[in-house]
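Right, one structure below, let's go through it.
The values are calculated or read from the model by the stated rules, or taken from the named source; none is laboratory data. All of these numbers come straight from a predicted model, not from anything done at the bench. As a convention, Cβ positions derive from the backbone with ideal geometry for all residues, glycine included, and neighbour counts pool all protein chains shown. SASA here: full protein model, heavy atoms, side chains in, ligands and nucleic acids out. Shrake-Rupley method; radii C 1.70, N 1.55, O 1.52, S 1.80 Å.
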Amino acid sequence: MTNDEMEGRHARMLVPVRDLLAAPLDELLAEARRLRRGPLVTYSPKVFVPLTKLCRDVCGYCTFARPPRRGERAYLTEEEVLEIARAGAAAGCREALFTLGDRPELRYRAAREELHALGCETTLEYLERCARLVLEETGLLPHLNPGVLTRAELGALRPVSASMGIMLETTAERLGERGGPHWASPDKVPGRRLETIRLAGELRVPFTSGILVGIGETREERIEALLALRALGEEHGHLQEVIVQNFRAKPGTRMASHPEPSLEEHLWSIAVARILLGPSWHVQAPPNLAFDDFPRLLDAGIDDWGGVSPVTIDHVNPEAPWPELELLAEATRGRGLELAPRLPLYPGHVADLERWVDPAVAPYVRRAADAAGLARDDSWAPGDPAAVPLVVRRDAPPLGLEGDELGEEEATRLLDARGEEAQRVFAAADRLRRDVCGDEVTYVVTRNVQYTNVCYFRCGFCAFSKGKLAENLRGAPYLVPLEEIVRRAEEAWERGATEVCLQGGIHPAFTGEYYADVVSAIRAAVTGIHVHAFSALEIWQGAATLGLGLGEYLARLRDLGLGSLPGTAAEVLDDEVRRVICPDKVTTEQWLEVHDAAHRVGLRSNVTLMFGHADTPRSWARHLLRAREQQRRSGGFTEFVPLPFVPMEAPMYLQGRARRGPTFREVLLVHAVARLALHPWIPHVQASWVKLGRDGTREALRAGVDDLGGTLMNESISRSAGALHGQELPPEAMEELIRSAGRVPRQRTTLYGVPSAERVRASFGAPPLAPPVDAPVKDAGLVAPPRLVRPGLLAARAR
């Protein structure tokens, strides 16, 4: 194809072909860096699984493929494959890269005989078996490079892989002629490889391809190959990245004396790839093939280093060891960029798993992903007693955030900060916390009462509620008798509590009278205690069952003794997410409407965020900004309370529909960015010690947190989901924790007042709790009405 033909076929090119061929290298490199999007440079932590080194092709530069050797197996055994994968999983890898030769059974009897002994007809059949084994046994995500494939073969491998790939290498058919690098290699015919890539796009397989620089092609032919890949990627959206790999001459091959491309030639090719493909594509170059010069690859606009293994060598280029991850990170930071691990499929495809990944593989992808669709950078989970993987640095300079309030875009970016930028976000939040709240850390002595675990709502994240569809979850269905609720409030008062917090499932027979009766009974028995009770969903359901407006019902509860509302049932104030995790619950607008009504009748409340499941940093940013706008209108929020999703027993996690909670970095960022985004409207940011544990809470106190919530006395919701950090943190332990972070503890009331000296004295050295009584729900004899209130579904029908 001539230059004129290429330009006529690809008129949308950012830079004409003539200009690319004539431009000075420095100008191309500068333009490539300008087009690189964002500060992240990714890599895939992987293991290399060389399933077989037999191949029917005889490429002139390859040392990976070799003929059968007497006494050696043609294929790795299943146990050998699993041994590699398990070592990778233990080392924190996320990808299992299966590399193998093309259809060796068509050339070698040894391959056919061994496949027959394995119960397989083809290499691809055995590959499918081994990939499934790795996925199910280790959770590593298979990325398959088996060569040229038919539509049927791609379809058979899709249910056992997260992604696949084939290097196009070149579109120059002349390189397959006698004496060329691809001579006698039928699977290297460019048209066949392009057809495989096209079929993968039609089947919605996330795919990787690339070019090989320096095997005898011209610069024009490289451009033609890049344009062919771009056309296929734009048509189907499946091409995740383009690899620009440099040829390395290897002893013992036909091309052992062939000249290698210079570093400048490699950089030219990378820069041209970035310019032709634009900022939305991922461009990769292998760092190990540049040896000590690998940092210079960043100067040509790459945004990905490819797969790097802490466990296995590069079996295709065994002479070229991977750079140590710390060296890779250091080189990346040295260019003002940040290194981040990814999965074998990129965030754009992770964000739409239903389209791009087989249902059998999607749960494994979610469990390996963080909120941005990259690889989780730790193995921590909320409620897990494992050591925290990230420490807030004391010496980080605060991020400068002068000017207007954070908007959605800026908050989203900060919520996904990494490395040094994340530390600067923590420092900025901590400095603002000190300016607003000083060094005091407050907490309230409270008792939680979850009066029933029966609920007719089916929230995907909830492991607490019980019903006919949740019999496999913890505990039998119960309903706490009214006299037992009162007894617990009285006992809490005797132990120094200033607050009793009441929430529970919504039994189908509950009406608004139930909540009114609970408040009245507690107020009559313990006049001095603050009743902090009922989520927005309970208020909405209670008002609806009585046919009352929200304001009228809330005023009635206030007059009976309700003191304030917890901000639960907020989950994430983003209806795109709510439709996934709690579709029949109150919508974002309804939740805000309840709290607006509460504030207008003189009741205060807080606002929570339950995060780390099917949401994203943008979801969290929207939540923060909606809470801020509501506070501007009604001014009744006392604090912001991030609640990391505890996954262990949550139905949607067990079903593979949720991530494994937030990473610890994400937890700290949510607290820190909340401090920055909500200032000056909501002055307090609270950390949940139940979900973070003591070490995690200590770090959160260095990232903008000034409150640790309640001592709790009885906590069962987080424990039902699998949290292991205990049911109560009495004042002695609470204050020890606060002092260990270098801060000053202070008891508070629900509304941030100062409790009496008598209350404080009573809270220390409190006697053990009496065993709580949870009566079987059937003993109450409750009868559900024929029609139940489901506000989320009502709102959906109204739309």
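If you go through the range 46-94, how many residues are in a loop (DSSP other than H, G, I, E, B), of a type in the set (Ser, Thr, Tyr) and more than 24 Å from PRO323 (Cα to Cα)?
Taking the range 46-94 and keeping what is in a loop (DSSP other than H, G, I, E, B), we get 53-77, 91-94.
Narrowing further to those that are of a type in the set (Ser, Thr, Tyr): 61, 63, 75, 77.
Next cut, more than 24 Å from PRO323 (Cα to Cα) only: 75, 77.
Within the range 46-94, residues that are in a loop (DSSP other than H, G, I, E, B), of a type in the set (Ser, Thr, Tyr) and more than 24 Å from PRO323 (Cα to Cα) number 2.
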Pair list, Cβ under 9 Å, 6 or more apart: the range 178-190 residue at positive phi, other residue not hydrophobic (A, V, I, L, M, F, W, C):
GLY179/GLY60; GLY179/ARG254; ALA184/ASP57; ALA184/GLY176; ALA184/ARG178
Among residues of the range 134-183 being open to solvent by 10 Å² or more (accessible area, probe 1.4 Å) and among the hydroxyl-bearing types (Ser, Thr, Tyr), the residue nearest to ALA89 (Cα to Cα) is THR138
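So for the range 56-70 (the condition being of a type outside the set (Phe, Trp, Tyr), without any contact (Cβ under 8 Å) to a residue 12 or more places away in the chain and open to solvent by 50 Å² or more (accessible area, probe 1.4 Å)), does at least one residue qualify? Can you show your working first?
First, pick out the residues of the range 56-70 that are of a type outside the set (Phe, Trp, Tyr): 56-60, 62-63, 65-70.
Now drop any that are not without any contact (Cβ under 8 Å) to a residue 12 or more places away in the chain, which leaves 69-70.
Right, trim to open to solvent by 50 Å² or more (accessible area, probe 1.4 Å) and you get 69-70.
Yes, there is a match, as at least one residue in the range 56-70 is of a type outside the set (Phe, Trp, Tyr), without any contact (Cβ under 8 Å) to a residue 12 or more places away in the chain and open to solvent by 50 Å² or more (accessible area, probe 1.4 Å).
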Any residue that is open to solvent by less than 10 Å² (accessible area, probe 1.4 Å), modelled with pLDDT of 95 or more, within 25 Å of LEU788 (Cβ to Cβ) and out of contact with any helix residue (DSSP H, G or I) (no Cβ under 6 Å at 6 or more places or on another chain) - is there at least one of those in the range 596-604?
no
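Please tell me if LEU327 is over 23 Å from ALA372 (Cβ atoms), touching a strand residue (DSSP E or B) at 6+ places or on another chain (Cβ under 6 Å) and not in a loop (DSSP other than H, G, I, E, B).
Working: over 23 Å from ALA372 (Cβ atoms): yes; touching a strand residue (DSSP E or B) at 6+ places or on another chain (Cβ under 6 Å): no; not in a loop (DSSP other than H, G, I, E, B): yes.
Taking the combined requirement at face value, the residue does not satisfy it.
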For the range 101-117, state whether one or more residues are open to solvent by 10 Å² or more (accessible area, probe 1.4 Å), part of a loop (DSSP other than H, G, I, E, B), in contact (Cβ under 8 Å) with a residue 24 or more places away in the chain and touching a strand residue (DSSP E or B) at 6+ places or on another chain (Cβ under 8 Å).
no
So MET167 clears everything in (1) over 16 Å from VAL148 (Cβ atoms); (2) assigned to a loop (DSSP other than H, G, I, E, B); (3) modelled with pLDDT of 95 or more; (4) out of contact with any helix residue (DSSP H, G or I) (no Cβ under 7 Å at 6 or more places or on another chain) except one condition, right? Which one?
(1)
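Say whether the condition of being open to solvent by 50 Å² or more (accessible area, probe 1.4 Å) and under 30 Å from ASP707 (Cβ atoms) is met by at least one residue in the range 422-433.
Of all residues in the range 422-433, those open to solvent by 50 Å² or more (accessible area, probe 1.4 Å) come to 424, 431.
Applying the additional criterion that residues be under 30 Å from ASP707 (Cβ atoms) yields 424, 431.
Looking through the range 422-433, at least one residue is open to solvent by 50 Å² or more (accessible area, probe 1.4 Å) and under 30 Å from ASP707 (Cβ atoms).
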So ASP774, is it touching a Phe, Trp or Tyr at 6+ places or on another chain (Cβ under 6 Å), under 28 Å from GLU491 (Cα atoms), modelled with pLDDT under 95 and not aliphatic (A, V, I, L, M):
yes
Looking at the range 36-49, which of its residues are modelled with pLDDT of 95 or more, under 17 Å from VAL242 (Cβ atoms) and open to solvent by 20 Å² or more (accessible area, probe 1.4 Å)?
ARG36, TYR43
Pairs, first farther than 30 Å from VAL670 by Cβ and in a helix (DSSP H, G or I) in the range 550-576, second modelled with pLDDT of 95 or more and basic (Lys, Arg), C-beta under 9 Å, six or more apart
GLY551/ARG600; LEU560/ARG523
On the given criteria, is GLY612 touching a residue at least 24 places away in the same chain (Cβ under 8 Å) and either surrounded by fewer than 21 Cβ atoms within 10 Å (Cβ to Cβ) or of a type in the set (S, T, N, Q) (or both)?
no
Quick test of your reading of the structure: VAL242 fulfils all but one of (1) free of Cβ contacts under 8 Å to residues at least 60 places away in the same chain; (2) out of contact with any Leu (no Cβ under 6 Å at 6 or more places or on another chain); (3) closer than 30 Å to LEU325 by Cα. Name the failing condition by number.
(2)
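Condition check ((1) under 30 Å from ALA770 (Cα atoms); (2) of a type in the set (Gly, Ala, Ser); (3) in a loop (DSSP other than H, G, I, E, B)) across all residues:
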site	(1), (2), (3)
GLU402	no, no, yes
GLU405	no, no, yes
GLU410	no, no, no
GLU420	no, no, no
GLN423	no, no, no
ALA427	no, yes, no
ASP430	no, no, no
ARG434	no, no, no
VAL449	yes, no, no
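Filter the range 549-584 down to residues that are of a type in the set (Asp, Glu), surrounded by fewer than 22 Cβ atoms within 10 Å (Cβ to Cβ) and under 30 Å from the mean Cα position of the chain (by Cα), then give me how many there are.
Filtering the range 549-584 down to residues of a type in the set (Asp, Glu) leaves 552, 559, 571, 574-576, 584.
With surrounded by fewer than 22 Cβ atoms within 10 Å (Cβ to Cβ) added as a condition, the list becomes 552, 559, 574-576, 584.
Keeping just the survivors that are under 30 Å from the mean Cα position of the chain (by Cα) gives 574-576, 584.
Count: 4.
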Taking ARG474, is it surrounded by fewer than 20 Cβ atoms within 10 Å (Cβ to Cβ), at pLDDT below 95 and either not acidic (Asp, Glu) or not in a helix (DSSP H, G or I) (or both)?
yes
For the range 538-548, which residues satisfy the criterion of being in contact (Cβ under 8 Å) with a residue 12 or more places away in the chain and either open to solvent by 10 Å² or more (accessible area, probe 1.4 Å) or closer than 25 Å to ALA497 by Cα (or both)?
GLU538, ILE539, TRP540, ALA544, THR545, LEU546, LEU548
Of the listed residues (GLU649, GLU629), the one being modelled with pLDDT under 95 and not aliphatic (A, V, I, L, M) is GLU649
Cβ-Cβ distance below 8 Å, separation of 6 or more or different chains: which pairs start in the range 291-314 with a residue that is closer than 27 Å to ALA87 by Cα and at pLDDT 95 or above and end on one that is β-branched (Val, Ile, Thr) and surrounded by 21 or more Cβ atoms within 10 Å (Cβ to Cβ)?
ASP304/VAL41; ASP304/THR42; ASP304/VAL283; TRP305/VAL41; TRP305/THR42; GLY306/ILE243
Being open to solvent by 20 Å² or more (accessible area, probe 1.4 Å), in a helix (DSSP H, G or I) and within 13 Å of VAL244 (Cα to Cα) is the filter here; which residues of the range 265-293 pass it?
GLU265
